[in-house]
Amino acid sequence: MEQPMRMKNNGQISIVLNKQKRNPVTENLNMSPTTPKMIPTEHAALKEIEEELAVLVGMDEMKRLVKEIYAWIYVNKKREENGLKSGKQALHMMFKGNPGTGKTTVARLVGKLFHKMNVLSKGHLIEAERADLVGEYIGHTAQKTRDLIKKAIGGILFIDEAYSLGRGGEKDFGKEAIDTLVKHMEDKQHEFILILAGYSREMDHFLTLNPGLESRFPLVIDFPDYSIDQLMEIAEIMLKEKQYTLSHEAEKKLRDHLHWIKTAVNPTSFSNGRYIRNVIEKSIRAQAMRLLMQNNYDRHELMTIRSNDIVFIQE
């Protein structure tokens, strides 16, 4: 039977977030708010994170993975209390997927959970990109990278488009940043968590640039693109939060456009949830201008986004 988590030969666990098959281990740990069984107070941290994850569209496997990580850490603490050996596995992760698929949001929630479980002393998130690590002369890059790691101690260092560190050839200082990261991942593996993120194919190539890189990421997680139905759900949630709603014609226009863009645009250049957010924000401004010109401030009209208000962004 195919499992949503696949163990590679190098010990990595690969998770694909859009698999629909259920994992019996995590099924038994189902602690969703709809479960009638009372959740022990000691599991309040998991319940709080689950409630935050529940509002995210899709990501079913990620939500189950969070429970598995929680269970593994919790049970290891119980083993330690009972005089049994407990593992201290590094929790560095790699997030692979296109823009706007929730990678940064999930990284922030993971940091919050680990802080509540005393895995991380602070749980904060430091976001970085190539320019934050790569210097302009020999030795500068290593120092910049060490400074970033120092800021991330007790929390998570999240590097987006991490594959860009491997571009530029042998003389590029990006390689120095990679080597520095690898060293500190080992030396301070339980003091901070490194999450590297980027496009799937580019990240696969990135792992080949340093012989010790791949083995240091026990969790490799794929973030799939959102389906059209999921993108429409994201739009509905965003509008509801702002007390707006789409007219029937506006909803059809948006859905038809998403059908077109999902087939006409390169998946790696489509920004998924970010694209929807931009469309909604631009359409709200267009609606405001229309109502101003019409001098119409009826409550229903103030809440309704109509077809001619929907404005699309060029990717």
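The values are calculated or read from the model by the stated rules, or taken from the named source; none is laboratory data. Here the structure is a predicted model, which is why all the values come from computation and not from measurement. Glycine gets a Cβ as well: all are built from the backbone with ideal geometry, and neighbour counts include every protein chain shown. To get the accessible areas, we keep the full protein, side chains included, count just its heavy atoms, and leave off ligands, DNA and RNA. Shrake-Rupley method; radii C 1.70, N 1.55, O 1.52, S 1.80 Å.
Per DSSP helix of 4 or more residues, -39500 (n - 2.57); summed, then divided by the residues of the chain. What does that give at 222 nm, rounded to the nearest 500? Counting only the DSSP helices, I get -14500 deg cm²/dmol. Measuring between alpha carbons in the structure, the pairs from LYS112/LYS242; LYS96/LYS262; LYS78/LYS122; LYS67/LYS253 lying more than 29 angstrom apart are LYS67/LYS253. Short-range pairs are left out: with C-alpha atoms under 8 Å and at least six residues apart, the relative contact order of segment 178-315 is 27 percent.
Seen against the Cα atoms of the chain and their longest principal axis, helix 248-264 is set at about 50 degrees. Length gained on full extension, ASP256 to ASP298: 12.3 nm, using 0.36 nm per residue less the C-alpha separation.
A simple count of charges around GLY123, restricted to other residues whose Cβ falls under 10 Å of its Cβ and scoring Lys, Arg +1 and Asp, Glu -1, yields +4.
Could you work out the relative contact order of the chain? I mean the mean sequence separation of Cα pairs under 8 Å and 6+ apart, divided by the number of residues, in percent. Over the chain, the number comes to 21 percent. Axis of helix 44-54 versus longest Cα principal axis of the chain: the two differ by about 40°, to the nearest ten degrees. For segment 66-225, just say rounded, prolate or oblate: build the C-alpha gyration tensor, square-root its eigenvalues into a ≥ b ≥ c, call rounded for a/c under 1.5, and beyond that prolate if a/b exceeds b/c, oblate if not. Here segment 66-225 falls in the prolate category. Counted over the chain, the DSSP beta bridges are approximately 10% antiparallel.
Principal-axis analysis of the Cα atoms of the chain puts helix 140-152 at an angle of about 80° to the longest axis. Each Cα pair under 8 Å and six or more residues apart adds its separation to the average, and for segment 52-195 the resulting relative contact order is 23 percent. In this structure the chain gives 54 Å² per residue of accessible area when probed at 1.4 Å with all protein chains present.
Please name which of VAL106, VAL134, ASN82 has its Cα lying farthest along the dipole of segment 74-166 towards the positive end, using unit charges on Cβ (Lys, Arg +1; Asp, Glu -1) and the Cα centre as origin. Comparing the listed Cα positions along the dipole, ASN82 ranks first. Note on LYS77: accessible area approximately 80 square angstrom, rounded to 10, probe 1.4 Å, nucleic acids and ligands left out. Labels on offer are (i) 0.97; (ii) 1.20; (iii) 1.13, and the one holding Cα Rg over 2.2 N^0.38 Å computed from this structure is (iii).
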